[in-house]
1. Past 23 Å, Cα to Cα: identify those pairs from Lys119/Lys288; Lys85/Lys119; Lys190/Lys291; Lys12/Lys85; Lys69/Lys284, in the order given.
2. Taking a point 7 angstrom from the Cα of Phe162 along the C-beta vector, which residues in region 249-279 have backbone N less than 18 Å away?
3. Nearest 5 percent is fine: what portion of the DSSP beta bridges confined to the chain is antiparallel?
4. Would you give the gap between the C-alpha center of region 155-195 and the C-alpha center of region 298-337, rounded to a whole Å?
5. Computed over the Cα atoms of the chain, what is the ratio Rg over Rh, Rh following Kirkwood?
6. Determine the dipole magnitude for region 2-89: charges of +1 sit on the beta-carbon of Lys and Arg, -1 on that of Asp and Glu, nothing else is charged, the reference point is the Cα centre, and the result goes in debye to the nearest 20.
7. About the Cα centre, and with charges only on the beta carbon of Lys, Arg (+1) and Asp, Glu (-1), how big is the dipole of region 177-274? Nearest 20 debye, please.
8. What is the distance in Å between the Cα centroid of region 1-43 and that of region 84-118?
Amino acid sequence: MDLVFMKQGIRKQVIEYTGGSYRCYACRKEYMVENMRKLPFYSYNLMLWAVNQKIQYRLSSENITNILKDSFKIEASNTQISRFKEVMANKYTQTYNKIINNMIVSNLIQADETIARIKGIDGYVWVFANNDSVYYQFRETREPDFLKELLADFNGVLISDFYTGYDSLECKQQKCLIHLIRDMNEDFLKHQFDEELKLIVKEFGILLRSIIATIDKYGLKKFNLNKHNKDVERFYNKVIARIFESELAVTYQKRLIKYRAKIFLFLNYDNIPWNNNLAEHSIKPFAKWRKKISKSLTKQNIDNHLILLSVLQTCKYRGINFFDFLKSGEISISEYESKYNKRQEKI
């Protein structure tokens, strides 16, 4: 059973293999056709079509089997759909590894993590993203030790939230200010009569708004952002250097002092964002899939899904059609992108 992709649609194709015993005229020896019983019942195009429905459109295995039955009169089970995903994940493991290797030699990686529950055990899916690539990895715990090995050769800037697990990494780091703003707003809403906390929140807001105004006008250019280092110095001398009595104010005072270099690092580099929005945005495709099948997740299922999801999101970030990439048979996204761009130039 297979599918044939045409310009105007898709049609079903059935291939019949026949064979038996044969005798060599020269030596008169009889032999059987090899691997006849090992030939797959479902062929490659059908598998990649099903995987595209699963990964890109987040259809359930049951829905995919129903579409195959209704549209193409092809019978398949939910187990077969999972097997298709496993086959395709094995094929694109090299592509998956290449994605993180390319990110490590770039100047920017944004990181985030989210819970992935497996049969009642809370694991974590980590996402690493930059302007043209996304890489997902499942870990059974939130322990950050693997990051030291994964990012050992990374010499760019890592943007993350304030999870202390990132602190041990030796690369340059920028903390996501949206996380800091969110924490400040939540605490202030709960303690609106805390005048000391109010002062910190107010003055930090004034400082950040002036920086964002510069970004909106000139972009993320250190030539224009450098001037705000004086504003940062003024904020710390005027506000953070005070003696506070409020417990919350003291907490933020310590936090702002501890992470000062990592909060405002983006002022001294070109094209380094002050948030990890790319990573947070990249978490959503996994979260939507997790929500649908959280009761049936297994480690192998997650690993296979994350390999293909990494390829899908990287294709999207580069303006490449995921289904076209699968149909091309290419393993390297970069090589496919180069060929695609050349074809577009000719057009």
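Since every read-out is calculated from the coordinates, none of them should be taken as a lab result. Remember, predicted model here, so these are calculated numbers, not experimental data. Cβ coordinates were reconstructed from backbone atoms using ideal geometry, including for glycine residues, and neighbour counts include every protein chain displayed.
1. Working: Lys119/Lys288 18 Å; Lys85/Lys119 20 Å; Lys190/Lys291 30 Å; Lys12/Lys85 20 Å; Lys69/Lys284 30 Å.
Check vs 23 Å cut-off fails for Lys190/Lys291; Lys69/Lys284.
2. 249-266, 274-277
3. 75
4. When both Cα centres are located, 31 Å separates them.
5. 1.11
6. Details: 14 positive and 8 negative charges, 32 e Å.
In total the dipole reaches around 160 debye.
7. For this selection, approximately 460 debye.
8. Using only Cα atoms, the two centres lie 35 Å from each other.
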